[in-house]
Amino acid sequence: MRAAMAHRANGHPPPAPPEVTAAVTAAVAEHGDAAGALIPVLSAVNRRLGYLPPAALAEVSRRLGMPASRVYGVARFYTLLSTEPRGRHLVQFCENAPCHVVGGRRVWEALRQALGLAPGETSADGRFTLITTSCIGACAVGPVVVIDDEVHGNLTPDQVEALLARYA
Amino acid sequence: MQTFRSLVLVSGDPRSLALGAQAVFEQLQSAVRQRGLEAEVALKLIGEAGPTAALPLVIIYPEAVVYGPVAPADAADIVQQHLAMGHPVERLQAPERDLGGRLAWLSARRGTLPAEQRILLARAGRIDPESIEDYILHDGYEALGRALTGQTPAEVLSQIEASGLRGRGGAGFPTGRKLRLVAQAEGEEKYIVCNADESEPGTFKDRLLMESDPHALVEAMAIAGYAVGAHTGFVYIRGEYRLAYARLEKAIQQARASRLLGPDLFGTRFGFDVHLHAGAGAYICGEETALLESLEGRRGEPRSRPPYPVTRGLWGQPTAVINVETLANIPPIVRHGAAWYRTFGTPSSPGTKLYTLMGNVNVTGLIEVPMGITLREVITIYARGMKGGGHLKLAQTGGSSGSVIPASLQDTPIDYASFARLGVALGSGALLICDQDTCAVDLVRVLLRFFRHESCGKCTPCRVGTEQAYQILARVAEGGGHPDDAASLERLAHSLEMLSNCGLGQTAAQPLRDLLRHFGAEFDAHVKLGVCPAGACALARRPAVAGILGVPISG
Ligand SMILES: Cc1cc2nc3c(=O)[nH]c(=O)nc-3n(C[C@H](O)[C@H](O)[C@H](O)COP(=O)(O)O)c2cc1C
Ligand code: FES
């Protein structure tokens, strides 16, 4: 990020990789370039690239005519936006009370053990990133784990291994 | 799974007991047993049932028949005629003039089920949510047409005010008053903002409303816009709600194509349009001023108030921020009138309420019932009882910003006035029902973990207070409690409540207070005896104390 800003200060913006430019162009085409579009634009880019690399933030800042610090501040604030690369599959464990009281803790322990990851970590082979999330509104079928966009409910600890095996 | 066909409550307050309630209860019990109805009829001696002179009372659900005063000798008739044959015993029914408040309301509904009352969910599951034709065939856009062509904005406003509708987003502010404030405020533009951020743990009612009946929200926003003189509406929808977003997007397109959104609606000079805006994951954005910040493309940090959004909201203009469920009440109110609306619920809280049921019960999911129902009714009738024959220990109402309430309050009507009197927060409509295996300390620890994580960090009392409270609870749950931990939590609750900038920190105090007030003995057991009476928290998993679990403890 800092490198990107330094480049701009020198008048030499780093050339954004083509996939980054394409993602930002598509997002701006859909949501516009007004100030209020910042979050939808970042969300769209994040979805397409998997995270928000410094080049993408710089490009968004340029297109929306907004200070890079503001773009960066917003990107850091929201949990659906990530400034770090993530694994191929994002494993989100719901850690809120409704899932907790119906056996969430034991599922969490099984999940951590099966993945060998602490929350926020990505596996060495780049396959999984494990994070905790707040309630995703599937509590009627808790405990709940979301992998990529798929919600898995009514989980028990002994189902965890088989579930993960479905994501290569 | 244990399900009962009938629920029989006997009032067991001191006056009822003095008048023979215990004997009535026992006679009912033996008559039920004699007729072999134990598996179908749940019988409970409760505390005070409500204001009446006709004690002792016997109330039978789901018909909601109120008997009183009942003598032990009447028990056989009630069981024989009512429970076995299905005919209420008229001569024993409490005279209407002797009943007040909730009992009068129940009694007025005699003979009908206090069953699910579907006003908001009337179309859910019955229509194709992606078809505007289906919506129109089922009364859709009738209220908007009627308002625009037959009523002045002032008349629509008065109607909403007269209905007594209160905000369902958690705070319960009267919706009519909010709209009037916006209508009266000066501004070049005015906005209706629908709060569809729904991030309260355990709450998914707004999602289901939007997914099953998206046009209802569009119609409601247009009516609200007409009432206050706004021409633009925004739906701020939680980023994870992809299906609800897609359905709303489609609904808006269809409404525009059918000229139910856009300029000159129904041949009048009034125009209205709706825009969608997806959030990006931050609980605090449900707070209305943080939501407006986010809508303007900034970090979702709450603004200082005053000024309130009703005078200076989105882009500095007068704005009504209204919850999805609240809005969904508006078309039925306009269609049927305020008097009709007030026939549902209680005088202080008219209408129905959506609840999400979850936890250790047999049936989980979404229900719509009249305001004023009790927790016991919800558990017995709709949730079909506790799972595995367990018993209710506590319930957590309204997600994290609600209250942790003990089983002793399960006969309190769930409405704004009754809950406020008890210092309990109704919150958003989540009902997390927990059995004896839930540890109150552990539960409150998990709630505080949520607040700690979601605190936006802008104000220090909230950021530091939620962190410290969490650390104390985590330590207590691990067996490292100090004798002064209760006092520290009390102090933290006080400063969270008094010094936090917004509702997040203020509501974080509630579960701490509930823990100390209702589950003090259980907290002390952790701190002073080093045991978890429920055998559920981290402390219980330490081998050293595993042998002395099950120490009897009250609460
Ligand atoms: C931390 C916090 C989170 C909130 N989250 C929500 C929410 O997700 N949905 C909602 O409708 N209201 C939420 N509210 C309440 C809103 O600030 C506001 O009172 C509400 O949207 C007003 O609508 P109503 O009058 O229809 O209830 C939240 C409040 C606080 C303090
Ligand atoms: S608490 Fe886990 S999905 Fe709601």
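The values are calculated or read from the model by the stated rules, or taken from the named source; none is laboratory data. It should be emphasised that the depicted structure is a prediction, and the values quoted were computed from it without experimental measurement. As a convention, Cβ positions derive from the backbone with ideal geometry for all residues, glycine included, and neighbour counts pool all protein chains shown. Heads up: the accessible areas ignore ligands, DNA and RNA and are worked out on the full protein's heavy atoms, side chains in. Shrake-Rupley method; radii C 1.70, N 1.55, O 1.52, S 1.80 Å.
Observations on the model:
- Annotation note: of B:Ala251, B:Ala227, the sole residue that is part of a helix (DSSP H, G or I) and touching a His at 6+ places or on another chain (Cβ under 7 Å) is B:Ala251.
- Against the numbered list (1) more than 8 Å from ligand 1 (Cβ to nearest atom); (2) buried (at least 24 other Cβ atoms within 10 Å of the Cβ), B:Arg312 comes up short only at (2).
- In the set (1) open to solvent by 10 Å² or more (accessible area, probe 1.4 Å); (2) within 13 Å of another protein chain (Cβ to nearest Cβ); (3) at pLDDT below 85, the condition left unmet by B:Gly365 is number (3).
- From B:Leu499, B:Leu504, B:Leu515, residue being modelled with pLDDT under 95 and within 14 Å of chain A (Cβ to nearest Cβ): B:Leu504
- The stretch B:454-480, residues that are in contact (Cβ under 8 Å) with a residue 60 or more places away in the chain and closer than 30 Å to B:Asp415 by Cα: B:Glu454, B:Ser455
- Residue in the stretch B:340-360 that is farthest from ligand 2 (Cβ to nearest atom), counting only those that are hydrophobic (A, V, I, L, M, F, W, C) and touching a residue at least 40 places away in the same chain (Cβ under 8 Å): B:Phe344
- Within the stretch B:186-237, the set of residues being of a type in the set (A, V, I, L, M, F, W, C) and away from ligand 1 (no atom under 16 Å from the Cβ) comprises B:Val218, B:Ala222.
- Filter result for B:Gly457 (open to solvent by less than 10 Å² (accessible area, probe 1.4 Å) and within 16 Å of ligand 1 (Cβ to nearest atom)): no
- Residue check for B:Asp442: surrounded by fewer than 23 Cβ atoms within 10 Å (Cβ to Cβ), modelled with pLDDT of 90 or more and within 12 Å of another protein chain (Cβ to nearest Cβ): no
- Matching residues in the stretch B:167-179 - criterion: being more than 8 Å from ligand 1 (Cβ to nearest atom) and within 13 Å of B:Ala230 (Cβ to Cβ): B:Leu179
- The stretch B:197-208 - residue that is open to solvent by 10 Å² or more (accessible area, probe 1.4 Å) and assigned to a helix (DSSP H, G or I) and, of those, farthest from the other protein chains (Cβ to nearest Cβ): B:Leu208
- In summary, strands (runs of 3 or more DSSP E) completely within the stretch A:52-168 and bearing 2 or more residues that are within 11 Å of chain B (Cβ to nearest Cβ) occur at A:89-94, A:128-133.
- For the stretch A:127-159, the set of residues classified as open to solvent by 50 Å² or more (accessible area, probe 1.4 Å), within 23 Å of B:Gly279 (Cα to Cα) and within 11 Å of ligand 2 (Cβ to nearest atom) consists of A:Val151 only.
- Residues (more than 9 Å from every other protein chain (Cβ to nearest Cβ) and β-branched (Val, Ile, Thr)) located in the stretch B:445-465: B:Thr460, B:Val464
- Flag if B:Ala171 is of a type in the set (A, V, I, L, M) and open to solvent by 40 Å² or more (accessible area, probe 1.4 Å): yes
- Candidate set: the stretch B:232-261, residues that are closer than 14 Å to B:Ser212 by Cβ and of a type in the set (Lys, Arg); chosen: the one most open to solvent (accessible area, probe 1.4 Å): B:Lys250
- Checking each residue in the stretch B:400-430 for being over 12 Å from B:Glu200 (Cβ atoms) and assigned to a strand (DSSP E or B) picks out B:Val404, B:Ile405, B:Pro406, B:Pro413.
- Of all residues in the stretch B:262-310, those satisfying the criterion of being of a type in the set (A, V, I, L, M, F, W, C) and away from every other protein chain (no Cβ under 14 Å) are B:Leu265, B:Phe266, B:Phe270, B:Phe272, B:Val274, B:Val310.
- B:Leu394 vs. criteria touching a Phe, Trp or Tyr at 6+ places or on another chain (Cβ under 8 Å), away from ligand 2 (no atom under 16 Å from the Cβ) and not in a helix (DSSP H, G or I): yes
- For the stretch B:36-78, the set of residues classified as in a loop (DSSP other than H, G, I, E, B) and β-branched (Val, Ile, Thr) consists of B:Val70 only.
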